[in-house]
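Here is the structure we will look at, set down as structure tokens.
Read the figures in this text as sums done on the coordinates, not as results from a lab. Since this is a predicted model, take the numbers as computed values, not measurements. Every residue, glycine among them, receives a Cβ derived from its backbone with ideal geometry; neighbour counts consider all protein chains shown.
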């Protein structure tokens, strides 16, 4: 029996999930690489345009899940195909549909072999990622969670750099290890509640001991995915070896699955344990902010620099989440969106430079801004955004996180300041080296500036950098009621 409370009876979320999967199936019958590229771009763009319906029709005045769809999947085990989104998951679904067509464009000339297989992997990942942010049944969530693992591992292992097999296996092992703990937690909750329905488990009166063990399992699984310090060691290798689109997907969407897991599972399902361990996890987040900033400052490889910066930025996410107040969680959600936009854009810029110079070394790329002024302009905005410059998108998110953190501990927030200073240092250092360089720069004569396709790829991301930075209220309004309701669940 299928039911939906959607306007006009359209299963919006199912369409967004299965359209990329159906497109991937059709792509298997295409033999021409150019046709495959256009097919993938057309379908991902159509999905992005269709996803605007969610934003237009979303009612931000309520915290209830919207666009809900329910279908009996495995009746014997009481497993249902249940989808729905609130203000938090809506933003992440829209981020996913925005980033995917840009990944197709960024791979247009970068991927030269097995183009069809690459585009199929990208389409499958898009469907799985939207499913993760939409699932309201814990088994369905786990299925989507695991479904993105194989395509991402293949993307690194087949189209990656010189150490692609090592990076792919490391990514696979880490993610699989975390998934085992998530599955154990889901089964334990099922034995206690008799249901896999995520909404039914929220607010269930679990004992403190049970919550402790389940939250520990959630923590290991989600901390690896974020990744939180010290579970981050798989990330630099995966980013460095992955193709440009793989790095963008990793940074923009996959890392957010970990922080989303804390918001959707850790806080509402095990509220006592989340509250009990929050101070320790906030200090761990501060350690990640400082470590990520200092590690990025020490890098000469641009991709490694941006990869380590992700550790620091995601530290702000977990810091805001475990502040357990409205400013902290709203700030953390904004940081998730902003990091997806800004860091994804930086990886695309690095990929553009690599396509021309065949190096990611800062010294060998020094002074390229003289020959690529359009790229230098984009790069300037994205670096300022990454360091949290006022007027760019990252500023408001980090500001709200720090405001929420101050309500918990002034000392804790002050300890995070070196990480903020380091972010300014490594971003400005990279920008200065690439745009101006020194007195003895390599000869980049004849290096072509951005073409039309590359400008089209970066322009939407720059638009969001300025839109969120100058007018964040529409994004805050969408999530506000959901955040307030989440904190009420934690309070209970």
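Geometric descriptor of segment 1-140, per residue, is 118 Å³ (volume of the convex hull of the Cα atoms).
With distances taken between every two different alpha-carbon atoms, segment 229-347 has a Kirkwood hydrodynamic radius of 14.4 Å.
Taking 1 over the mean of 1/r across every pair of different Cα atoms in the chain, what Kirkwood radius in Å do you get?
22.5
Reducing segment 86-162 and segment 458-475 to their Cα centroids gives an inter-centroid distance of 23 Å. Sequence-distant contacts, meaning Cα pairs under 8 Å at least 6 residues apart, place the relative contact order of the chain at 15 percent. Shape index of segment 120-182: Rg/Rh, with Rg the Cα radius of gyration and Rh the Kirkwood radius from the inverse mean 1/r over Cα pairs, equals 1.02. Report note on the peptides 470-481, 132-143, 52-63: ranked by the mean count of other C-beta atoms within 10 Å, highest first, their order is 132-143, 470-481, 52-63. Among 445, 175, 96, sorting on how many other beta-carbon atoms sit within 10 Å of each Cβ, with the fewest leading, yields 445, 175, 96. Normalised by the number of residues in segment 218-369, the mean separation of alpha-carbon contacts (under 8 Å, six or more apart) gives a relative contact order of 27 percent.
For the chain, find the longest principal axis of its Cα atoms and tell me its angle to the long axis of helix 410-435, 0 to 90°, nearest 10. Between the helix axis and the principal axis of the chain, the angle is about 30 degrees.
Calculate the length of the line joining the C-alpha centroid of segment 35-52 to that of segment 206-223, in whole Å. Spelled out, the Cα-based centre of one part sits 39 Å from the other.
Give the Kirkwood hydrodynamic radius (Å, one decimal) of segment 146-305, defined as one over the mean of 1/r across all pairs of different Cα atoms. In segment 146-305 this quantity evaluates to 16.7 Å. Packing-based ranking of 151-164, 78-91 yields 78-91, 151-164, ordered from highest to lowest mean Cβ neighbour count within 10 Å. The angle separating the long axis of helix 326-357 from the principal Cα axis of greatest extent in the chain is about 30 degrees. For segment 385-444 versus segment 314-365, the inter-centroid distance based on Cα atoms is 11 Å.
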